[in-house]
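Chemist: First, the structure itself, so that you have it in front of you.
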Amino acid sequence: MIVVVGLVLSIVMLFRGDDAELLVSLDPTTDNGATARLEDLQFMPEPVFGKFDRVVYVPLDTRGVILSETLASTNRPVEQAPSGVMLQRIHGNMDLPFSTSDGPTGFTDNGVATGFARTAQGAALAAAHYVAYLISGDNRAGMVAEAGHSSDPAVLLEGLRMPDDTAVTASPMVNVSFHPDLTLVKFGASVERSNGATEVEVLKIPVVWREGTGWVVQLDSTALSGGFEPVSSEGWQQWW
């Protein structure tokens with residue numbers, strides 16, 4: 001139980017969003033055009049600053065706006081960033097990345113983004129989305145489990161209960177160990193330790209590819225873990 005609680009605390013620290021007022025959609029739209037632009041009236045007129053001072057766009061459809069329904073080639077370097085990345089504030093207070101190259105390409109019936117590419121970039125995007133649901137309250141954890149994009153969240157959630165609709169944001173640093181069937185996505189953020197040293201706080205998220213579903217978070221995997229790495233560690237990227 002101690003291990004579970006520690007892991008959940010690491011997840012919350014890395015994905016915790018700003019405590020802003022929950023934003024509500026004004027006029028939801030279901031338009032899934034190839035490329036979203038502010039002038040298409042799919043977003044609020046002006047973006048906002050989110051955590052880490054990143055620019056975040058607020059879609060009128062609370063699920064978000066699909067930026068492209070076509071996925072890019074799978075023959076790309078693991079360290080290459082996905083194209084056309086945009087942070088969108090979905091479901092009122094979840095700041096998560098959408099791309100024009102690696103998904104998402106659609107939504108499940110209950111409003112969870114899906115259709116992420118079977119690439120390193122797609123795995124990272126999917127992990128960012130699905131972990132955010134898992135640690136932003138029982139209601140959202142239930143959404144991603146119902147959508148089939150995580151294993152049973154009960155063990156994780158019993159470690160620490162978060163209020164429903166807790167604000168979350170995608171961690172700024174990404175490091176992917178890619179395999180098309182099973183990928184380990186590491187999220188990180190630079191933090192100052194109690195001893196004064198600056199290190200990268202790390203969360204490791206295993207995602208497995210399931211035909212007909214796509215990427216699924218393996219909550220029962222021993223690879224699911226947290227910790228710290230030196231800031232000099234290799235492989236870290238900032239994709240959003």
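Chemist: Suppose we look only past 23 Å in the calculated P(r) of region 122-240. What percent of the Cα-Cα pairs does that tail hold?
Modeler: So the portion of pairs separated by more than 23 Å is 30 percent.
Chemist: Follow-up question, since we're still on this one. How charged is the neighbourhood of T108? Take every other residue with its Cβ under 12 Å from the Cβ of T108, and add Lys/Arg as +1 and Asp/Glu as -1.
Modeler: With Lys, Arg at +1 and Asp, Glu at -1, the net is -1.
Chemist: Kindly write out, for region 100-109 in residue order, the coupling ³J(HN,Hα) from the Karplus curve 6.51 cos²θ - 1.76 cosθ + 1.60 (θ = phi - 60°), rounded to whole Hz, with x marking Gly and Pro.
Modeler: 8, 10, 10, x, x, 10, x, 9, 6, 4
Chemist: Hey, any idea what Rg/Rh is for region 187-226, computing Rh the Kirkwood way over Cα pairs?
Modeler: The Rg/Rh ratio comes out at 1.21.
Chemist: Now for a separate question. Stokes-Einstein diffusion coefficient for region 58-113 at 37 °C in a medium of 0.692 mPa s, Rh from the Kirkwood formula over Cα pairs: what value in µm²/s?
Modeler: Estimated via Stokes-Einstein, D reaches 276 µm²/s.
Bear in mind these aren't lab numbers, they're just calculated from the coordinates by the rules spelled out. Here the structure is a predicted model, which means the values were calculated and not measured. Cβ coordinates were reconstructed from backbone atoms using ideal geometry, including for glycine residues, and neighbour counts include every protein chain displayed.
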